[in-house]
1. Over every pair of different alpha-carbon atoms in the stretch B:57-110, take the mean of 1/r and invert it; report that Kirkwood radius in Å.
2. Rg and Dmax of chain B over Cα atoms: what are they, in angstrom?
3. Using 0.36 nm per residue of separation minus the Cα-Cα distance, give me the extension gain between B:S7 and B:S80 in nm, one decimal.
4. Would you list A:I18, B:I46 from fewest to most Cβ contacts within 10 Å?
5. Mind listing the phi-derived Karplus ³J(HN,Hα) values for the stretch A:61-74, rounded to whole Hz, using 6.51, -1.76 and 1.60 with θ = phi - 60°, and x for any glycine or proline?
6. Would you grab the residues whose amide H sits under 5 Å from the one on A:L110? Only those 5+ places off in sequence or on another chain, please, with H modelled 1.01 Å from N.
7. Report ³J(HN,Hα) in whole Hz for each residue of the stretch A:29-38, in order, from the Karplus equation J = 6.51 cos²θ - 1.76 cosθ + 1.60 where θ = phi - 60°; Gly and Pro get x.
8. Quote the relative contact order of the stretch B:15-89 in percent (integer), defining contacts as alpha-carbon pairs under 8 Å separated by 6+ residues.
Amino acid sequence: QKEVEQNSGPLSVPEGAIASLNCTYSDRGSQSFFWYRQYSGKSPELIMFIYSNGDKEDGRFTAQLNKASQYVSLLIRDSQPSDSATYLCAVNSVNSGYSTLTFGKGTMLLVS
Amino acid sequence: DAGITQSPRHKVTETGTPVTLRCHQTENHRYMYWYRQDPGHGLRLIHYSYGVKDTDKGEVSDGYSVSRSKTEDFLLTLESATSSQTSVYFCAISERETQYFGPGTRLLVL
């Protein structure tokens with residue numbers, strides 16, 4: 001059973017601070033890693049993806065990947081109240097030649 | 001917006017009745033997915049499709065069947081709904097490996 005683990009939170013940060021969200025995964029063969037944001041009552045929306053070890057920046061968001069440690073993180077700089085949502089980490093797996101995603105249960109972020 | 005619609009958006013049904021949820025996409029994506037989302041469990045894959053008439057089971061497929069007779073439509077059927085199938089159901093499509101989600105269907109089985 002492939003697993004993706006996230007702290008459920010809530011993670012509370014003050015407005016303007018950096019929010020750090022973490023995710024670990026069990027499948028060493030995973031090659032693609034995704035962060036989604038989900039507002040209450042809405043569908044998940046893609047924030048960013050990362051394939052290579054290191055950092056990837058997109059605006060206020062930075063994804064960090066360490067395949068050796070099987071660890072993915074998302075940093076949100078200058079956090080805003082509108083960032084308050086649940087953040088889902090997703091990791092790909094390949095079964096019978098087809099790629100599927102396994103999702104973590106999500107971390108709730110509260111910015112106030 | 002990846003051109004995904006789901007219908008119905010809300011449904012209340014009774015235990016033992018069949019239910020079909022529809023996912024429709026307008027952009028000719030090959031891969032489509034059905035998930036359910038429940039508190040404490042997150043998003044879990046039910047079934048997926050990699051082309052017309054080509055489908056496979058996901059993590060929680062028991063009690064569900066799917067059909068894909070045309071590229072744009074992926075149907076999820078609960079043959080005999082149970083209260084444990086009360087959930088929010090999301091359809092997704094993928095471009096390469098990135099998945100984009102539809103708006104969801106809230107299903108309540110009484």
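All of the numbers you see were taken from the coordinates with simple rules; none came from a lab. Please read these numbers as outputs of a predicted model, since none were measured by experiment. Cβ coordinates were reconstructed from backbone atoms using ideal geometry, including for glycine residues, and neighbour counts include every protein chain displayed.
1. Details: mean 1/r = 0.0788 Å⁻¹.
Averaging 1/r across every pair of different Cα atoms and inverting gives 12.7 Å.
2. My reading of the Cα-based Rg and Dmax gives 12.9, 39 Å.
3. Details: separation 73, 0.36 × 73 = 26.28 nm, distance 1.86 nm.
Residue separation times 0.36 nm, minus the Cα-Cα distance, leaves 24.4 nm.
4. Values: A:I18 12, B:I46 22.
Result, fewest neighbours first: A:I18, B:I46.
5. These are the phi-based 3J(HN,Hα) values: 9, 10, 9, 10, 10, 9, 5, 5, 8, 6, 9, 10, 9, 10 Hz.
6. Placed amide hydrogens put A:L11, A:S12, A:V13 under 5 Å from A:L110.
7. For the stretch A:29-38, the Karplus curve yields x, 5, 10, 10, 9, 9, 10, 10, 10, 9 Hz.
8. On the way: 152 pairs, mean separation 28.9, N = 75.
In percent, rounded to a whole number, it is 39.
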